[in-house]
Structure formats: C-alpha cells, structure tokens
Amino acid sequence: MNARLIFKMELFKYLRDKYYLMATLILFGLNVIATIALLNFDHLNSSLLVTSIVLAILLFVSNLIFLGIIYPFHLLAIDYKNRVLALMVASGVNRNKLFFAKIGAVILANIVVSFVLLVVPVATLIYQVGNLGGWDELFGEMGMLMVPQMIPLSINAILSYIAGLFILMTSVIIVKGKTLSILLYFGFNMLVGVITSFINTLFTSNSSFTQQFSGDTVASSVIEVIVILVFGFIALQGLRHQNL
C-alpha cells in the first residue's frame, strides 16, 4: 500500500469519527452563540455582559486546548486505542509510510477543523472592524501585515506547530497511545525550552550577538527544524522497532 492510499485511509477514518465530529459541531455552535452575544453586548445588562465575557474567554481557551492538544492527540492515538495498528502492519502497511501519512492527515484534519470552528468569529470580527473603521483602512492594515518581514514570522509559526505535532506523536508512540502521552508531551516541551534557554545563555558574553540572536526569527526557525528532525527520528525509530 503506497503513501497516498494510507493518507486517504487515515482521512476516511477521521471522517467516520462521529464523537469528535459531534464535539466539533458543538464547539462551532457555542462559538456562533458567543459571537452573537458579544456583538449585542449593548443590549445586555452589566452582570450578563461580565458573564458573557468570562464564558467567551473560557470558550476561547477550550478551542485552543481542543485544536492544540485533544484533537491531534486523539487522531494520533486512535490506532493504538482501537488496537488496529498491529493489524495494519500485518496486512502490509509500511511503518515509515504510515508515520508520514498520519502526520500529513492530522495536519490537514486540524486545519479543516480549525477553519470550521473559527470561520464565523473571524469573519464577524473582520466585518465589524470594517464597518467601524472603514473597509479601506481595514484592507490597508491587512496590507501592512503582508510586508516581507512577516514571512519569517509565518514560517516560524508553521514550523513551531509542526514541531509540536512531532513532539506529540513521539509521546504517543513511546507510551502506545495512553493518556500519559499528554503529560509526556508537556515534559518534552519543557525539556526543549530548557535546552533552548541554555543555548541562548552561551552567547550572553556578546551582548550585540545575543540581541540579534534572540530577536531573529530565522534562528528560532532553525531551532524548530532541529526539534522536528530530532523528535521525528525518535518517533520513527520507535514505531519501526515497536512490538505492536
């Protein structure tokens, strides 16, 4: 089975995952309700307004946790939890192809779910800002975000997301999809943070270089690439030699 078929198989599996699809729809509905409530804040009394703001903040945090940890963890661990990984490998699915196909499928699925959850709040925000400040001014501000300096920041953000996904997959593979994977994921992130901070302190003797290094997104991107390569290698080797 080639990588494309494995990729399609993973996506088909995710589309039939009714419980998480229902969770996505529930979050989508709550996001719409919160957006409508905040748009009509002038019709709310002070107590209801404070309650709406608090609930909106909690909902925002819930969206971040769902998209950043819970949903990708579920997608990466689903084969372990359903005890089908050994059957897939025994049926001829190559472990290397499975690894990269699953990473790609999880990224695509997370992008789609993120779009579904955020399309209404983001579109409403843009519409309201455009109405209040004028569409010409809004598009002018958006044009300023497209300056060349934003390209390294965008690349760094993408690499940071992929690095986090590789760390999470490494955690899932090590403990075979158990919930402990999430704690291991946070532990690995702390370790990466400590090592990164230690590397930064090695250059404190040269203040000009330190300022340049700490403020340079290119250097941050290089670190993210190293994290991807290291944890990708660990995860791939773990999956290759794991007794399923």
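The values are calculated or read from the model by the stated rules, or taken from the named source; none is laboratory data. A quick note: this is a predicted structure, and the numbers were derived from the prediction, not measured. All Cβ positions, even for glycine, are placed from backbone atoms using ideal geometry, and neighbour counts span all protein chains on display. The area values use the complete protein model at the heavy-atom level, side chains included, leaving out ligands, DNA and RNA. Shrake-Rupley method; radii C 1.70, N 1.55, O 1.52, S 1.80 Å.
Going by average Cβ density within 10 Å per residue, which order do the peptides 101-109, 2-10 take, highest to lowest?
The packing order, highest mean first, is 101-109, 2-10.
Count charges around Thr170 for me, please; just the other residues with Cβ under 14 Å from its Cβ, Lys/Arg as +1, Asp/Glu as -1. Numbers along the way, then the final one.
Details: positive: Lys102, Lys176, Lys178, Arg240; negative: none.
Taking every other residue near Thr170 into account, the sum is +4.
Note down the Stokes-Einstein diffusion coefficient of the range 1-65 in µm²/s, whole number, using a Kirkwood radius over alpha carbon pairs, 37 °C, and 0.692 mPa s.
Numbers: Rh = 14.3 Å.
For these conditions, the coefficient is 230 µm²/s.
Calculate what fraction, in whole %, of the accessible area of the range 1-78 sits on carbon and sulfur atoms when a 1.4 Å probe is rolled over the protein chains.
Values: 3810 of 4930 Å².
Within the range 1-78, the accessible surface is 77 percent carbon and sulfur.
Heavy atoms only, probe 1.4 angstrom, no DNA, RNA or ligands counted: give me Lys178, Lys97 ranked by accessible area, highest first. Provide the component values of the computation, followed by the final result.
Numbers: Lys178 130, Lys97 85 Å².
Output order, biggest surface exposure first: Lys178, Lys97.
Tell me, what is the per residue accessible area of the range 1-106 in Å², probe radius 1.4 Å?
The answer is 60 Å² per residue.
Can you report the principal axis dimensions of the range 65-125 using only the alpha carbons, biggest first, rounded to whole angstrom?
Principal extents (Cα only, largest first): 50, 19, 13 Å.
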